[in-house]
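First comes the structure, then the notes that go with it.
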Amino acid sequence: MALSPMMQQYWSIKEQHKDQIVFYRLGDFYEMFFEDAILASRELDLTLTGRDCGEKERAPMCGVPHHSCEAYIQRLIEKGYKVAICEQMEDPATAKGVVKREVVRVITPGTIMESNMLDEGKNNFLCSVYINPKDNKKAGIAFSDISTGEIHLTQLNEKNLAQKLINEVGRFVPRETIANKAIEKMPQLSQFITERIHCMLDVLGQDTFDFEICAQSVLDHFSQNSLEEMSLTDKPEAVIALGAFIAYLHQTQKSGLERVLTLNLYQDNQFMNLDPSTRRNLELCETMRTRDKKGSLLWVLDKTKTAMGKRLMRKYIDQPLINVAAISKRLSAVGELVNDSIGRVELVEQLDHIYDLERLMTKVVYGNANARDLRALADTCRYLPNIKTHLEEYTSHNLSEIYQKMDPLCDIEDLIDQTIVDDPPISVKEGGIIRKGVDAQIDELRDIIEHSKDYLTQMEAREREQTGIKNLKIGYNRVFGYYIEVTRSNLSQVPAHYIRKQTLTGGERYITEELKDLEQKILTANEKIVVLEFDCFDNVRKTIAKNLHRIQATANYIATLDVYCSLAQVAAKNNYCMPVVDMTDTIQIEQGRHPVVELMLNGAPFVENDTLLDCKENCISIITGPNMAGKSTYMRQTAIIT
């Protein structure tokens, strides 16, 4: 089949992205062809049309507008597909031959970064698993949310490795998992990933999991650190899992990978080990029957004000600490806020104005942030000094640390305030973004547009005076542009430097070098302003991107403070007491209440009850009673309180 040049280009791109739906940019639309078009038209309810692609051949085709493509992409991702975004890399108006096109990004369930495609209260994790094919007791596993820039990595060495991996995957609940072929020998793990948590699973070739290549990917990405500095020299499986993840991002995201910077190397014994059944039965973050937040422990405790705090609260509940010192530091911070109701309320009011710094910075680093995003960043920075001031008097370790280390980012606020207008447009390529006084050339061009009529009136008056032609006038039409018109009776007074442009019945039209220059400035001013404003805006965006580490650190402190304030608000409202946590084997609860059931009763009395368990005389309790007497409620209550 003889294909047209454009279709030849399409097929060369499609060959490299066989397992993805290619969104091929044609003007203002993303078009899909052949099998992609048939599939997309069915899944998205699009009209299937056709396009000539060669001699007597027509390709099935459908498309979506480029400015509203995200909703369509989200629907495809939710149905389990991957989407390759193929953009025009040159201006079609100036291109010679077929417009150059390239795939600039592949969107998969685990690589979404668009805020409107994500739940602000949940992380969107991509999981990378490497199981040692020669030793079925060893594995490395990494979880990363590229929308927030965090990576969680651990090395596992377990006899029952499959169950341990299931527990870790159940802890993070990723949207997408990449793994080496050794996972095929663990059907229970594969089944849990695909059927229980409905996660996309990609089994990649062994080349992806080569140790030398993966180690080099890790070193290249974390360029200032060695494997020894990252404590990875004795964790080869973890290195491979991390390196494979970085390589996968290079394949799909192409650019902006410096956003993935916060590496948290955790031990499997750092958090309470909860298997998926326990998580489900305790209804920690969602109910068993409807999988709703309401009715879960998260529903009771989450009164956070920021998206970052919501994600961290879920993480705290999903990953309970077991280190007594770390638990006590958290409790002290919450306790101090409980005892300071006025200060706590003031902090909560300030936190209510904070935008999602983590995901804003992802857009900044990937170059997707618009001027309104930067204004949101500046508006957030405006409240940081007040939050820091409110923390000055607190003495608990964790709150003092936030006060001492949180950066108020005043310079970032000043940079945005001095550069970006208060109410910018959504598009960054239509002008109207940059303040007056920032760039002299932009101001000059704006002045020309704003006062073009005045300039022309002044020139007209000057020319009348210099030539003595009282009825000389300056006019404009789309064909000839600006001109000087002189009636036939005054042609003898026309100066020699006037250049004839058009002959009329009643006179002549002329142009001068001065008028040509002014015409050029007026007609191209808008176009030049748009280019200059975008360059200025992009420089601001790049400057902010260079401060990623500072802003990310502040985001982490704000999220932590938000969680502490939320827990303190709930504790004060529901009359919770601070527990004593130590290394003994005793669980002693007096007047205990089930936190979820109590709230679901809507004010009806909850009968308080005690619990005493230890490893001596009280190592077991036998609970009896008829159906619906509350036996399972009591058992869950003890587990949840613990």
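The values are calculated or read from the model by the stated rules, or taken from the named source; none is laboratory data. Please read all numbers here as calculations on a predicted model, not as lab measurements. For neighbour counting, all protein chains shown are included, and Cβ atoms are generated from backbone atoms with ideal geometry for every residue, glycine included. Surface accessibility is based on the protein's heavy atoms, side chains included, excluding ligands, DNA and RNA. Shrake-Rupley method; radii C 1.70, N 1.55, O 1.52, S 1.80 Å.
Straightening the chain between Lys429 and Ala461 buys 7.8 nm, computed as 0.36 nm per residue apart minus the Cα-Cα spacing.
In Å², and per residue, what accessible area does the stretch 244-350 have when probed at 1.4 Å with the other protein chains present? Mind dumping the intermediate values first?
Values: 4800 Å² over 107 residues.
Value returned for the stretch 244-350: 45 Å² of accessible area per residue.
If I take R0 = 60 Å and measure r between the Cβ atoms of Ser4 and Asn264 in this structure, what FRET efficiency does the formula 1/(1 + (r/R0)^6) give, to the nearest 0.05? Computed FRET efficiency for Ser4 and Asn264 comes out at 0.70. Got a number for carbon plus sulfur as a percent of the chain's accessible area, 1.4 Å probe? Whole-percent figure for carbon plus sulfur exposure: 49. In terms of the mean number of neighbouring beta-carbon atoms within 10 Å, the peptides 334-343, 195-204 order highest first as 334-343, 195-204. Once the chain from Thr487 to Asn386 is taken as fully extended at 0.36 nm per residue, the excess over their C-alpha distance is 29.3 nm.
Calculated FRET efficiency, Asp207 to His17, Cβ-Cβ distance, R0 = 25 Å: about 0.85 to the nearest 0.05. Principal axis extents of the Cα atoms in the chain, from largest to smallest and rounded to whole angstrom, are 122, 69, 51.
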